[in-house]
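Participant: I have a structure here, written as structure tokens, and I will follow up with some questions on it.
Laboratory data are not the source of any read-out in this text; all were calculated from the coordinates shown. All values derive from a computational prediction rather than experimental measurement. Here the Cβ positions follow ideal geometry from the backbone for every residue, glycine too, while neighbour counts run over all protein chains shown.
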Amino acid sequence: MKQLDIAEVAQRSGVPASTLRYYDEKGLIAPIGRQGLRRVFDANVLERLALIALGRAAGFSLDEIARMFGPNGQPRIDRLMLAAKADELDRTIRNLSAMRDGLRHAAVCRAPSHMECPTFRRILGAAASGAIGGRKEKKKKVPTPP
């Protein structure tokens, strides 16, 4: 079994040693021992780090990624969670595309003022309603009975 110290893992993976220590604290990776003060990892940690990087790039939180590994450390990926994330990415793409199109229109709009442009006013209304811009509807507090 090939062993890599934390500096080697950082160099090979491109993940800073501080992040590796944080991933260790979060339980995402685990050293197999120490050489002096340095953590030592099995070489398969590089594949695990690649899976973590893929999850982060897809927008998963570290907690969500942690749940994608079984107790034995092997990937245990929930396909429903992947489908839900893909749906979320589709919504994000649609929102960003609409925002891009609106910005392009605003950049070339011939109206004397953006506030006089019907398209810009529609975008403004969508932003005010929370339909764009990432605002989420606030949950109403339900009073608890005495």
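Participant: Mean residue ellipticity at 222 nm from the helices of the chain, using -39,500 (n - 2.57) per DSSP H segment of n ≥ 4 over the full residue count, to the nearest 500 deg cm²/dmol?
Facilitator: Theoretical 222 nm ellipticity from helices: -17000 deg cm²/dmol.
Participant: Also: Got a sec to turn the phi values of segment 41-56 into Karplus ³J(HN,Hα) couplings, 6.51 cos²θ - 1.76 cosθ + 1.60 with θ = phi - 60°, whole Hz, x for Gly and Pro?
Facilitator: In residue order, the calculated couplings are 10, 5, 4, 5, 4, 5, 5, 5, 5, 5, 5, 5, 4, 4, x, 5 Hz.
Participant: Still on this structure, I have one more. Would you work out which of H114, V15, A83 lies farthest towards the positive end of the dipole of the chain, given +1 charges on the beta-carbon of Lys and Arg and -1 on that of Asp and Glu, about the Cα centre?
Facilitator: Highest projection toward the positive end goes to H114.
Participant: Relative contact order (percent) for the chain, with alpha-carbon contacts under 8 angstrom and 6 or more residues of separation?
Facilitator: Here the relative contact order equals 13 percent.
Participant: Nothing charged except the Cβ atoms of Lys and Arg (+1) and of Asp and Glu (-1): what's the magnitude of the dipole of the chain about its Cα centre? Round to the nearest 20 debye.
Facilitator: Values: 26 positive and 15 negative charges, 110 e Å.
For the chain, the charge dipole is close to 520 debye.
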